[in-house]
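In what follows, a single structure is set out as structure tokens and then discussed.
Computed from the coordinates by the stated procedures, all read-outs in this text should not be read as laboratory data. All values reported here derive from a predicted model rather than from experimental measurement. Cβ atoms come from the backbone with ideal geometry, glycine included; neighbour counts cover every protein chain shown.
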Amino acid sequence: MGALRRLSAALVLAAAPAFAAEPVPAPAPAIVADARLDLVGLLQRLSGDPSATRNPESDAAVLRFAPWKDHPAVKDLARMRAAGFAWDAPAQYAVYLSSLPALSEARPAPDFFATLAGGRAALDAWRAELADFARVSDFPAWERERAPRREAELAAVRASADGDLAAPLAAFLGARTWDSWTVAVSPFFPPGGGASWILEEKPGRPDVVVVYGPSWTRRSAWRRSRPVADEPRAFAAGAWPEAAFSMTYAVYEACRPVLKPSPSVCLGMQGLTNAEDCVQQHWVRGIVARLIASRYGAAAAKSYREHWPPTAYQAGVDAALAAYEGDRSRYKDLMDAADLLSAPFQPDGRAPACRAVDPSRWRETVYARRLAYYLDARLEARPDADLEKVRAELAAFRAGGAK
């Protein structure tokens, strides 16, 4: 990116909105522990996963559960990792499971988890082995024993949360496109939201889960490492994106038939290769940068941006978000600006004609699901008789089991 474009992006990011966003009801994210994630994270450590987080608590857990390192659940996880069920996938799959001891699929998990694991039979077998590992190793007893340490971890992460993050995000987006928003704290994962997930396969709006590991002090000769609070801006940078994606999912879906991003959209996106993922990453990074700038200042937003190299699309996305934020009398929510946000990715740079409501696409499972929860969110924020009718018609169509 040239110097002029960098300057343009900086000015866009710093620009103040001409119209204030309307407030949207949104409860603050819950910061909780989750035994399912602890269990999966523990098995990642025991299986030798090189990406697994190492800290005093996870190290102690490895020693505690060493007698079960050859359990089938551990060995099969290592085998599935070689096939692609790796990195964040085990933790993301865990959010579909019921609580211990059953660990059944409480919600239908997307097929790609089975594909990564080597097939549905392999994934189902591993889930049964996971429950067996918890039983024979008495994993629940360890969870009870570590209650004081877990509370210290939760306290450290809660201290990182500088006030409510949900209200400013919902106001920026113009609607609360999530049902629940949980920050799940586990010592088996790094600080930030790496293994985060949006669980859409449920009635109503999706559940957002941000898997967040505590930070730790340095070990010294006279003091043990202990969990400590992150800077609030770092916590916000880890917590905000996944909830923002719940809106960009719906926006991208509305634009899918007319959005034609070039393969170059993924250049500089650090391992992402799917154009849909890369477009949404551009949007979400721009949204979070603006929220951080508003709450923590331009220097904090600049620091957030420096985690990734600038891309050829960044300035265009920032300009579109500034136009959206600067005219909230016209753009009541992010969906209203779908055309504007899509323009930077079009070959001709012109805004396509996205359609949030398109009855000809109601047979498309993903489109129908995302439209349904977007309508729920929009109508919660702003009643609209015409959209109420659309929501009722869509609900009747989906309930009829149309294929």
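Things worth noting here:
- R0 of 51 Å, Cβ-Cβ distance residue 327-residue 155: FRET efficiency to nearest 0.05: 0.75
- Annotation for residue 398 and residue 162: the two label points, set 7 Å from Cα along the Cα-Cβ direction, are 3.8 nm apart.
- The 3J(HN,Hα) values that the Karplus relation (6.51, -1.76, 1.60; θ = phi - 60°) gives for the stretch 99-112 are, in residue order, 6, 4, x, 5, 6, 7, 7, 6, 10, x, 6, x, 4, 5 Hz. Gly and Pro appear as x.
- For the stretch 388-397, backbone phi angles converted through the Karplus equation (6.51, -1.76, 1.60; θ = phi - 60°) give residue-by-residue couplings of 4, 5, 4, 4, 5, 5, 5, 4, 5, 4 Hz, Gly and Pro being listed as x.
- Amide H contacts of residue 183: 30, 31, 32, 210, each under 5 Å away and 5 or more positions distant or on a separate chain (H built 1.01 Å from N in the peptide plane; Pro and chain starts excluded).
- With R₀ set to 30 Å, the beta-carbon distance separating residue 144 from residue 51 gives a calculated FRET efficiency near 0.60.
- 17 Å reach of a label modelled at residue 75, 7 Å along Cα-to-Cβ, counting backbone N of the stretch 113-131: 122-123, 125-131
- Just so you know, the Rg over Rh for the stretch 150-213 is 1.00, from Cα atoms, with Rh as the Kirkwood radius.
- Taken about its Cα centre, the stretch 282-364 carries a charge dipole of roughly 180 debye when the Cβ of each Lys and Arg holds +1 and the Cβ of each Asp and Glu holds -1.
- Taking packing as the residue-averaged number of other Cβ atoms within 10 angstrom, the listed peptides 245-254, 360-369 run from highest to lowest as 245-254, 360-369.
- Placing a pseudo-label 7 Å from each Cα along the Cα-to-Cβ vector at residue 64 and residue 120 gives an inter-label distance of 3.7 nm.
- Global form of the stretch 70-226, assessed from the alpha-carbon gyration tensor, a/c cut-off 1.5: oblate
- Relative contact order of the stretch 32-147: 28 percent, from C-alpha pairs under 8 Å at least 6 residues apart in sequence.
- Under the simplified labelling scheme, the residue 217-residue 180 pair shows an inter-label distance of 3.4 nm, with each label point 7 Å from Cα along Cα→Cβ.
- Lys/Arg +1, Asp/Glu -1 at C-beta; the chain dipole; positive extreme among 324, 240, 103: 240
- Selected from 73, 50, 293, residue furthest toward positive end of dipole (the chain; charges at beta carbon): 50
- The chain - percent relative contact order, Cα under 8 Å, separation 6 or more: 20 percent
- FRET efficiency for residue 88 and residue 308, using Cβ-Cβ distance with R0 set to 25 Å, rounded to 0.05: 0.90
- Only Lys, Arg, Asp and Glu carry charge here, each on its Cβ (+1 for the first two, -1 for the last two); on that basis the stretch 32-147 has a dipole of about 120 debye about its Cα centre.
- Average silhouette area of the chain, convex hull of alpha-carbon atoms, in square nanometres: 21.1 nm²
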